[in-house]
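Enquirer: Could you have a look at this structure, given as structure tokens, before my questions?
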Amino acid sequence: MHDYLIVGSGLYGAVCARLLTDAGHLVRVVERRSHIGGNVYTEEQEGIVVHSYGAHIFHCSNQEIWDFVNRFASFRPFVNRPVSISGGKLYSLPFNMFTFNQLWGVTSPDEARAIIEKERLVLDREPGNLEEQALSMVGKTIYDLLIRGYTKKQWQKDPKELPPWIIRRLPLRFTYDNNYFNDTYQGIPDGGYTKLIRGLLDGIQVETSVDFLTNRSELQAKARRVIYTGALDEFFGYDLGVLEYRGLRFEHDWFQSENVLGNAVINYGDEEVPYTRRIEHRHFSPTQSPVSIVSREYPANWRPGDIPFYPVNSPENEGLHRKYCERIAEYENYYIGGRLADYRYYDMHQVVGAAMKFVRSLAVR
Ligand code: FAD
Ligand code: UDP
């Protein structure tokens, strides 16, 4: 009999497993994929650390979270400086003085502010959707070139139908600073995220290729408590309805070259280009490999059975998710967490923080 059965070996499950084990509990982890780590999984190929499910850069400003993850892997400093190609030209991201210079030839913050101020949408209320938020933040030129096409293909929705906070993830700066994140700490585990997850799960019973939902009664009978990190609609057989997710498809190309893109991440702003990003893995972690692996990230419509990559946080989906939460709350000794079960667009540090908070809350129950 285990004290905790953790469903899912992604970052949330792995952090819970570590903290509960360290607190003296007997923990078992089951994972339906053939590998640990969920979406942060990395795999070494030809001496290159490949981010199998898209570029992952750890960033945070919380000392406790940063110290915690550094106990399990040494993080190599990495600053994400993506560029975007749109209309055949290249622009610096996030929106900063380099971008404004490329767009308008301006060299001073005052000149850039003046142009954006002239172009910007002025509202006498809070922006109600992503388009309004983008237009009121950066104006029409940047919206048309760098946001509209990318967003439409990523979400397969008109930006007017998306929540404003999605675009607020991207900083707007009037300095020559093209760091994609505002956080104090930023890095990538030396050897990849799988090494971090392995460190977190060290000494813990982990079984891969085991789907909890198809072996539920047998598995839950052998544990006092269950922590479920999968999707809630799936848990209930979608009986109240299907939550909306975005899917992704990755295509990997191999090159006999040491530098194909010239950067770790290139975004594609044109709607006609079918992928949103290309990433060249060797730029994330140094390697002596003579080859290079470049991945294309294609947005995909998600259907039950596919990997759910992004929650689509519309009011309807949030309402449905709340109903599923109410139902699982009635299950004794069941807990939920992570990007899927919480149906939240969490970054990795938020997942780690949420898992720490959850385990702490158990101690006071
Ligand atoms: P998951 O990784 O989804 O783990 C859940 C696990 O549960 C999975 O392994 C799944 O197989 C398993 N599972 C589900 N159901 C069952 C079942 N029935 N039985 C057994 N196992 C089950 N964050 C950043 O901070 N920086 C980045 O640069 C960044 N880049 C990203 C890029 C992309 C393309 C994506 C999609 C996300 C990115 N993220 C990034 C977010 C990051 O991936 C997530 O925050 C993190 O992986 C979530 O961890 P999790 O454990 O909550 O979920
Ligand atoms: N976005 C955009 N153009 C870009 C990059 C991002 O319009 O070049 C928008 C898009 O709507 C995206 C959101 O900003 O979904 C958040 O971008 P982020 O890079 O944080 O997305 P993630 O890495 O989580 O996919």
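Enquirer: Give the residues of the stretch 275-295 that are part of a loop (DSSP other than H, G, I, E, B) and more than 20 Å from the chain's Cα centre (by Cα), sorted by residue number.
Expert: The initial filter retains those residues of the stretch 275-295 that are part of a loop (DSSP other than H, G, I, E, B), namely 275-276, 284-291.
Selection gives P286, T287, Q288, S289, P290, V291.
Enquirer: Looking at P299, is it within 16 Å of ligand 2 (Cβ to nearest atom) and either over 24 Å from P274 (Cβ atoms) or not small (G, A, S) (or both)?
Expert: Taking the combined requirement at face value, the residue satisfies it.
Enquirer: Tell me which residues, restricted to the stretch 340-363, are aromatic (F, W, Y) and touching a Leu at 6+ places or on another chain (Cβ under 7 Å).
Expert: Quick first cut of the stretch 340-363, residues aromatic (F, W, Y) only: 343, 345-346, 358.
Y343, the sole residue that qualifies.
Enquirer: Quick one: which of N259, N263, N301, N267 is open to solvent by 70 Å² or more (accessible area, probe 1.4 Å) and farther than 30 Å from Y238 by Cα?
Expert: Details: N263 fails: open to solvent by 70 Å² or more (accessible area, probe 1.4 Å); N301 fails: farther than 30 Å from Y238 by Cα; N267 fails: open to solvent by 70 Å² or more (accessible area, probe 1.4 Å).
Every option except N259 fails the conditions.
Enquirer: Looking only at the stretch 49-64, filter to residues that are surrounded by fewer than 16 Cβ atoms within 10 Å (Cβ to Cβ) and not hydroxyl-bearing (S, T, Y); which one of those is farthest from S34 (Cα to Cα)?
Expert: Restricting attention to the stretch 49-64, the residues satisfying the condition of being surrounded by fewer than 16 Cβ atoms within 10 Å (Cβ to Cβ) are 61, 63-64.
Those left that are additionally not hydroxyl-bearing (S, T, Y): 63-64.
Working: Q63: 33, E64: 31 Å.
Filtering the stretch 49-64 for residues that are surrounded by fewer than 16 Cβ atoms within 10 Å (Cβ to Cβ) and not hydroxyl-bearing (S, T, Y), the one farthest from S34 (Cα to Cα) comes out as Q63.
Enquirer: In contact (Cβ under 8 Å) with a residue 12 or more places away in the chain and open to solvent by 40 Å² or more (accessible area, probe 1.4 Å), is that true of V226?
Expert: It is false that V226 is in contact (Cβ under 8 Å) with a residue 12 or more places away in the chain and open to solvent by 40 Å² or more (accessible area, probe 1.4 Å).
Enquirer: What residue, of S217, S209, is small (G, A, S), open to solvent by 20 Å² or more (accessible area, probe 1.4 Å) and at negative phi? Before you say what the answer is, go through the steps one by one.
Expert: Working: S209 fails: at negative phi.
Residue meeting the stated conditions: S217.
Enquirer: Here is a further query. For the condition surrounded by 15 or more Cβ atoms within 10 Å (Cβ to Cβ), within 28 Å of F181 (Cα to Cα) and without any contact (Cβ under 8 Å) to a residue 40 or more places away in the chain, what is the one hit in R296, R278, R282, R339?
Expert: On the way: R296 fails: without any contact (Cβ under 8 Å) to a residue 40 or more places away in the chain; R282 fails: without any contact (Cβ under 8 Å) to a residue 40 or more places away in the chain; R339 fails: without any contact (Cβ under 8 Å) to a residue 40 or more places away in the chain.
Criteria check complete, one pass: R278.
Enquirer: Which count do you get for residues in the stretch 302-346 that are acidic (D, E) and closer than 21 Å to K160 by Cβ? Can you show your working first?
Expert: Our first condition is that a residue be acidic (D, E); within the stretch 302-346, this holds for 306, 316, 318, 326, 330, 332, 342.
Right, trim to closer than 21 Å to K160 by Cβ and you get 316, 318.
Total satisfying the criteria: 2.
Enquirer: Could you please give the count of residues in the stretch 200-241 that are within 29 Å of W302 (Cα to Cα) and within 13 Å of ligand 1 (Cβ to nearest atom)? Spell out how you get there, then give the answer.
Expert: Restricting attention to the stretch 200-241, the residues satisfying the condition of being within 29 Å of W302 (Cα to Cα) are 206-217, 219-220, 226-241.
Applying the additional criterion that residues be within 13 Å of ligand 1 (Cβ to nearest atom) yields 206-216, 219-220, 226-237.
Looking only at that region, the number is 25.
Enquirer: Something else now. Show the residue pairs meeting these rules: Cβ distance below 6 Å; 6+ apart or different chains; first residue within the stretch 247-273 and free of Cβ contacts under 8 Å to residues at least 60 places away in the same chain; second residue open to solvent by less than 30 Å² (accessible area, probe 1.4 Å) and of a type in the set (F, W, Y).
Expert: Listed by first residue and then by second, the contacts come to R249/Y298.
Enquirer: Could you pull out the residue among Y298, Y335 that is farther than 29 Å from I266 by Cα, at pLDDT 95 or above, in contact with a strand residue (DSSP E or B) (Cβ under 9 Å, 6 or more places away or on another chain) and assigned to a strand (DSSP E or B)? Before you say what the answer is, go through the steps one by one.
Expert: On the way: Y298 fails: farther than 29 Å from I266 by Cα.
Result: Y335 is the single residue among Y298, Y335 that is farther than 29 Å from I266 by Cα, at pLDDT 95 or above, in contact with a strand residue (DSSP E or B) (Cβ under 9 Å, 6 or more places away or on another chain) and assigned to a strand (DSSP E or B).
Enquirer: Where in the stretch 44-144 are there strands (runs of 3 or more DSSP E), lying wholly inside it, with at least 3 residues that are within 16 Å of ligand 1 (Cβ to nearest atom) and in contact (Cβ under 8 Å) with a residue 60 or more places away in the chain? Give the derivation first.
Expert: Values: elements: 48-51, 58-60, 75-77, 83-86, 89-92.
In the stretch 44-144, 48-51, 58-60, 75-77 are the strands (runs of 3 or more DSSP E) which contain 3 or more residues that are within 16 Å of ligand 1 (Cβ to nearest atom) and in contact (Cβ under 8 Å) with a residue 60 or more places away in the chain.
Enquirer: If you don't mind, there's one more thing I want to ask. One residue is enough: does the stretch 172-179 have a residue meeting the conditions touching a strand residue (DSSP E or B) at 6+ places or on another chain (Cβ under 9 Å) and either buried (at least 20 other Cβ atoms within 10 Å of the Cβ) or of a type in the set (G, A, S) (or both)?
Expert: Yes: one or more hits.
Enquirer: With the condition kept exactly as written, say whether any residue in the stretch 343-357 is open to solvent by 80 Å² or more (accessible area, probe 1.4 Å) and in contact (Cβ under 8 Å) with a residue 12 or more places away in the chain.
Expert: Yes, because at least one residue in the stretch 343-357 is open to solvent by 80 Å² or more (accessible area, probe 1.4 Å) and in contact (Cβ under 8 Å) with a residue 12 or more places away in the chain.
Enquirer: Right, here's the next one. Scan the strands (runs of 3 or more DSSP E) fully inside the stretch 171-235 and keep the ones with 3 or more residues being more than 16 Å from ligand 2 (Cβ to nearest atom) and under 30 Å from H283 (Cα atoms). Lay out the reasoning, then the answer.
Expert: Numbers: elements: 185-189, 205-207, 223-228.
Hits in the stretch 171-235: 185-189.
Enquirer: If you take the residues in the stretch 236-270 that are assigned to a loop (DSSP other than H, G, I, E, B) and of a type in the set (A, V, I, L, M), which one is farthest from L145 (Cα to Cα)? Steps first, answer last, please.
Expert: Pass one, the stretch 236-270, residues assigned to a loop (DSSP other than H, G, I, E, B): 236-244, 256-264, 269-270.
Now drop any that are not of a type in the set (A, V, I, L, M), which leaves 240, 242-243, 260-261, 264.
On the way: L240: 40, V242: 34, L243: 31, V260: 24, L261: 21, A264: 21 Å.
Restricting to residues being assigned to a loop (DSSP other than H, G, I, E, B) and of a type in the set (A, V, I, L, M), the top hit is L240.
The values are calculated or read from the model by the stated rules, or taken from the named source; none is laboratory data. Note that the coordinates shown come from a computational prediction; the quantities given were computed from them, not determined experimentally. For neighbour counting, all protein chains shown are included, and Cβ atoms are generated from backbone atoms with ideal geometry for every residue, glycine included. Just the protein is used for accessible areas: all its heavy atoms, side chains included, with ligands, DNA and RNA removed. Shrake-Rupley method; radii C 1.70, N 1.55, O 1.52, S 1.80 Å.
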